Amino acid sequence: MSAKMLSHIFNYNYRSLKMNTDDISHEESLISPDQGGNCINWVVGHILSSRIGILQKLGESNIPNANKYLQYSRGSETVIDSSNAILIKQLLKDLQESQEKLENALSNLSEVDLEKPIEKKTLGETLEFLQFHETYHIGQLGILRRIVGKEGAIK
């Protein structure tokens, strides 16, 4: 997959996330499904945490306060109350900044860059997986939105 295509898909993801969260209050973002699972706040924070990792893999060094999102890392506890949750508006603001940095970083990638080894795969394969991972969680936001009593945002 080309850097341009990855950029398009990350942009679709961001737009879908925004549509699903623009009218969600902080209190609504903390509501978890009765059967268990993550709340909107955790999912958005987790996507942001993942974006930080993506930006680091792309060589971005100017990521302020990256450690404040550790509570949203894979395997972390679901955020269940306002005592340990970052405000949803702050998460969305930081996600917007990450989107701008991601678009810029992807626009500077060449096909040669995508073939560079990173861990056990190429950078391109790693970015493809992380894009899929993000899409998976953005799909959850559509369902979580209905759980908090909102109509679907994407029609």
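Quick look at the values:
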read-out	value
Subset of segment 32-62 [farther than 19 Å from GLU119 by Cβ and under 15 Å from the mean Cα position of the chain (by Cα)]	ASN38, CYS39, ILE40, ASN41, TRP42, VAL43, VAL44, GLY45, HIS46, ILE47, LEU48
Some residue of segment 79-98 being over 18 Å from the mean Cα position of the chain (by Cα) and β-branched (Val, Ile, Thr)	yes
Answer residue from segment 119-135, given it is of a type in the set (A, V, I, L, M, F, W, C) and either touching a residue at least 12 places away in the same chain (Cβ under 8 Å) or touching a Leu at 6+ places or on another chain (Cβ under 8 Å) (or both) and is surrounded by the most Cβ atoms within 10 Å (Cβ to Cβ) among those	LEU127
Some residue of segment 48-61 being within 14 Å of GLU97 (Cα to Cα) and modelled with pLDDT of 95 or more	no
Only listed residue being in a loop (DSSP other than H, G, I, E, B), in contact (Cβ under 8 Å) with a residue 40 or more places away in the chain and not aliphatic (A, V, I, L, M), chosen from SER7, SER32, SER50	SER32
Residue under evaluation LYS116, criteria (1) surrounded by 13 or more Cβ atoms within 10 Å (Cβ to Cβ); (2) of a type in the set (Lys, Arg); (3) over 19 Å from ASN65 (Cα atoms), criterion not met	(1)
Condition met for SER29 (within 16 Å of the chain's Cα centre (by Cα), modelled with pLDDT of 90 or more, surrounded by 14 or more Cβ atoms within 10 Å (Cβ to Cβ) and over 17 Å from THR135 (Cα atoms))	yes
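Quick grid of which residues meet (1) surrounded by 13 or more Cβ atoms within 10 Å (Cβ to Cβ); (2) under 23 Å from HIS8 (Cα atoms):
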residue	(1), (2)
VAL44	yes, yes
SER49	yes, yes
LEU55	yes, yes
ILE63	yes, yes
LEU70	no, no
ILE86	yes, no
LEU102	yes, yes
HIS137	yes, yes
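The values are calculated or read from the model by the stated rules, or taken from the named source; none is laboratory data. A quick note: this is a predicted structure, and the numbers were derived from the prediction, not measured. Counting neighbours? That spans all protein chains shown, and the Cβs are built from the backbone with ideal geometry, glycine included.
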